[in-house]
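Take a look at the structure set out below.
All of the numbers you see were taken from the coordinates with simple rules; none came from a lab. In this text the structure is predicted, and so the values were computed from the model without any measurement. Backbone-built Cβ (ideal geometry, glycine too); neighbour counts: all protein chains shown.
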Amino acid sequence: MASTQDSLAGHFLIADLDLLDAPFHRAVVLLLDHGEDGALGLVINRPLGLTAAQIVLEPSEAVDYPERRGKIPLYGGGPVETQAVFTLHTGLPAEWQSPAARIIRPGIVFEPSFPALRGYVSGQTPELPPDDRPFIRLYLGYAGWGAGQLETELDHGAWQVIEARSSLVFHTPPQDIWKRSMELKGGFWGIVAQTGIKPSRN
């Protein structure tokens, strides 16, 4: 069994083709926490076709928000607590983040407290210079595993693992993230990415 002593936090889980469960079919999950008690992550390639202005802003906030901020996209982060809002961004001033915000990988900051970002998303904070404006993604819900559950799934080949990359979270079209992740895994998995099938390895 895979050891939780080697935490996979900060890695992507790439769903194997044989993983057919609807929430995770061809999903790519950014693992935020992984230890003896279990694991937690966000599915990064399930766009909901919704924006911040439609979902997370109060009507009174949506009147004068900068249009660019209101268009921040929402994704389905996983099947657990789907009313909760989580954020990934490339970097915001410290005063606009909660004490719980933390860097997952270079260029990927996890913010578990949406109220800390509400002022920015709703336009109540000043606009940043163009070169300093962060990329932001909002997620409804998360993916969770109990103690030993993820290790069992890894042993059964349900997931492939690579280091997380900011470019895949913020700069790759969501419909291409799974394929690009498999290409980065390389070798046999590059063939899977190109063909969409898993040829025999015998």
Exercise for review: State the Cα centre-to-centre distance between the stretch 145-202 and the stretch 105-137 in whole Å.
Suggested key: 28 Å
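Provide the convex hull volume over Cα atoms per residue for the chain, in Å³.
Values: hull volume 25.6 nm³, N = 202.
It is 127 Å³ per residue.
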Exercise for review: Run the quick spin-label model on Leu17 and Gln83: label points 7 Å from Cα toward the beta carbon, then report their separation in nm to one decimal.
Suggested key: 4.1 nm
Practice item. Subtract the Cα-Cα distance of Thr195 and Thr51 from 0.36 nm times their separation in residues, and report this length gain in nm to one decimal. Key: 48.6 nm
Practice item. For an R0 of 22 angstrom, estimate the FRET efficiency from the Cβ-Cβ distance between Phe135 and Glu183 and round to the nearest 0.05. Key: 0.50
**Study point:** Whole-Hz couplings from phi, Karplus 6.51/-1.76/1.60, listed for the stretch 25-36; x for Gly and Pro
**Key:** 4, 6, 8, 10, 10, 8, 7, 9, 9, 7, x, 5
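Suppose every K and R has +1 on its Cβ and every D and E has -1 on its Cβ; what is the size of the dipole of the chain about the Cα centre, in Debye to the nearest 20? Write out the running numbers ahead of the final one.
On the way: 16 positive and 23 negative charges, 134 e Å.
Dipole magnitude for the chain comes out near 640 debye.
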Review point. So between Ala94 and Gln124, what do we pick up on full extension, going 0.36 nm a residue minus the alpha carbon distance?
Key: 9.2 nm
Practice item. Identify all aspartates and glutamates with a Cα-Cα distance to Lys185 below 16 Å; exclude those on the same chain that are fewer than 8 residues away in sequence. Key: Asp16, Glu163, Asp176
